[in-house]
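Below: one structure, written as structure tokens.
The values are calculated or read from the model by the stated rules, or taken from the named source; none is laboratory data. In this text the structure is predicted, and so the values were computed from the model without any measurement. Reconstructed Cβ throughout: ideal geometry from the backbone, glycine too, with neighbour counts over all protein chains shown. Ligands, DNA and RNA are excluded from the accessible area calculation, which covers all protein heavy atoms including side chains. Shrake-Rupley method; radii C 1.70, N 1.55, O 1.52, S 1.80 Å.
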Amino acid sequence: EAISIRCLVARGGSGKTRFALELLHHLRARPGWDARFVRFATSEPLDLCGATHGMSDTLLVFDYAGNAGPLGESLRRLANNPPDDPKRRLRVLLLARAASWEEGWLAALKPHSTVEASIGDLFHPREPIPLKPLEPKYRVAVFGQTLKKAAAFAKLPEPALPDADLFTQKRAEETLRDPLTLIMAAVTGVRSGVPQALSLTRLELAQDAADLLVADRLAGAFPENVSLAHHMAAYVTLFGGLSKQEALDALDTEARENKLGAVADPGGFVERLRAWFPGEKNDIGPIKPDIVGEAFLLGKRSPRLARPEDTILRATSLKARPVIETLIRMTQDFCLAEKDAREEPLLWLERIIAKGEADGLRLLVAVESAMPESPVALLRQAVRVT
């Protein structure tokens, strides 16, 4: 086919993005192929055919497809204006936590009229493909490799690898089934012992990883104002990344409003943050992966984001959509857990909705457009916004 679209689905931490990166590197090594991730810099749709005109065979990867606002219109344009060269291949890989042709973002791709081309006809296969959990032998391999790397990184003795049968038990099937959880468990295991690490929930492991790999190390790197460093790292993560200038503009406001104290060299402070969390180009990136960044923002006992309700409302006045998307992911990851659930992200989202009700449609439209593919978990909020 000249155009072929495929959708890969799995929960956060299952390896969707890593799979896409490996595929991208594999294709780039082949003659006549280019491959790249695509992100929307604005709310305008892209002409995917025009943007890749004259290029070789191309793979375009869209991460967080369920939250990529202009993606639907971009694919609609692609279906209605296919490439001129039938021999050139354009491949589109969509990555999402969930997708269904019956509801949500994927259902919204259905034709608006009988004369419009069907985007669904470009999907091969039509149905989303679930990324399967790792087999037990690969769980052992991922855990063992990370244990070795984490021990070397922390300059600690490497703990003994547990019995492989442990990774086939029911709890392992439920908890230790994805690469990210295995990696977090190994990192915690180096510090706290493997049996203790394997007894923790996914959210507890995320909190430990956020403490060990981010909070503790930031405290050593920013001894002059640890609270402000923690707050700014959480603040940038809330946005999914900021430019250096945006972070510099926010630094004074956030320090003043939250009474965190000023720093002698704001430019140097922000540059050091950028060195710790490098983003695209010269930007400051969020703490990754998502669940570790979310756990850092929440903290184990209280949020590292100072005065979070007021800070979040200030943040939405700058860039509403990415802040709301982060809160929705946090709600899905932390508010709905069977154990150790946290209510703060949902409360913060409710504050944004209340502000939207008081101040006008802008915030409500942003919340509505960012609602997840299947909003069952947020049904009351979704109905209220509508």
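List of remarks:
- Rounded to the nearest 20, the Cβ-based charge dipole of the chain about its Cα centre (Lys and Arg +1, Asp and Glu -1) stands at 700 debye.
- Geometric extent, Cα atoms of the range 6-113 - Rg, Dmax (angstrom): 14.1, 41
- Charges were assigned to the Cβ only: +1 to each Lys and Arg, -1 to each Asp and Glu. The resulting dipole of the range 155-281 about its Cα centre is roughly 100 debye.
- Charge-dipole axis of the chain as Lys and Arg at +1 and Asp and Glu at -1 on Cβ define it, positive-most pick from GLY285, PHE239, ALA164: ALA164
- Neighbour net charge for ALA262 - beta-carbon separation under 9 angstrom, K R +1, D E -1: 0
- Summing +1 for each Lys or Arg and -1 for each Asp or Glu among the other residues whose beta-carbon sits under 13 angstrom from that of SER192 gives -2.
- The share of Cα pairs per 5 Å bin across the range 80-179, counted from zero up to the longest distance, runs 2, 9, 13, 13, 11, 10, 8, 9, 8, 8, 5, 2, 1, 0 percent.
- Area projected by the alpha carbon convex hull of the range 224-339, averaged over all directions, nm²: 7.0
- Summed over qualifying helices (DSSP H, 4 residues or more, each -39500 (n - 2.57)) and divided by its residue number, the chain shows a 222 nm mean residue ellipticity of -14500 deg cm²/dmol.
- Rg ratio for the range 152-311: its Cα radius of gyration over 2.2 N^0.38 Å, N being its residue count, equals 1.16.
- Volume per residue of the C-alpha convex hull in the range 126-247, rounded to whole Å³: 148
- Averaged per residue, the range 191-321 has 43 square angstrom of accessible surface, using a 1.4 angstrom probe with ligands and nucleic acids left out.
- Prolate/oblate/rounded label for the chain (Cα gyration tensor, a/c 1.5): oblate
- In a reduced charge model with +1 at each Lys and Arg Cβ and -1 at each Asp and Glu Cβ, the range 266-341 shows a dipole moment near 240 debye about its Cα centre.
- Heavy-atom surface analysis with a 1.4 Å probe gives the range 191-258 a carbon and sulfur content of 49 percent of its accessible area.
- Here's the picture: charge each Lys and Arg Cβ at +1 and each Asp and Glu Cβ at -1 in the chain, and of VAL365, LEU60, GLY15 the one pushed furthest to the positive end of that dipole is GLY15.
- The alpha-carbon positions of the range 209-267 define a convex hull whose volume is 84 Å³ per residue.
- Sum of side-chain charges, ALA247 neighbourhood, beta-carbon under 9 Å (Lys, Arg +1; Asp, Glu -1): -1
- Sparse-neighbour loop sites [GluC sites (Glu not before Pro); the range 77-134; at most 13 other C-beta within 10 Å; DSSP]: GLU102, GLU116
- A simple packing score, the average count of other Cβ atoms within 10 Å per residue, orders the peptides 352-364, 152-164, 225-237, 135-147 as 225-237, 135-147, 352-364, 152-164, with the highest score first.
- Alpha-carbon centroids, the range 115-164 and the range 62-110: separation in whole Å: 25
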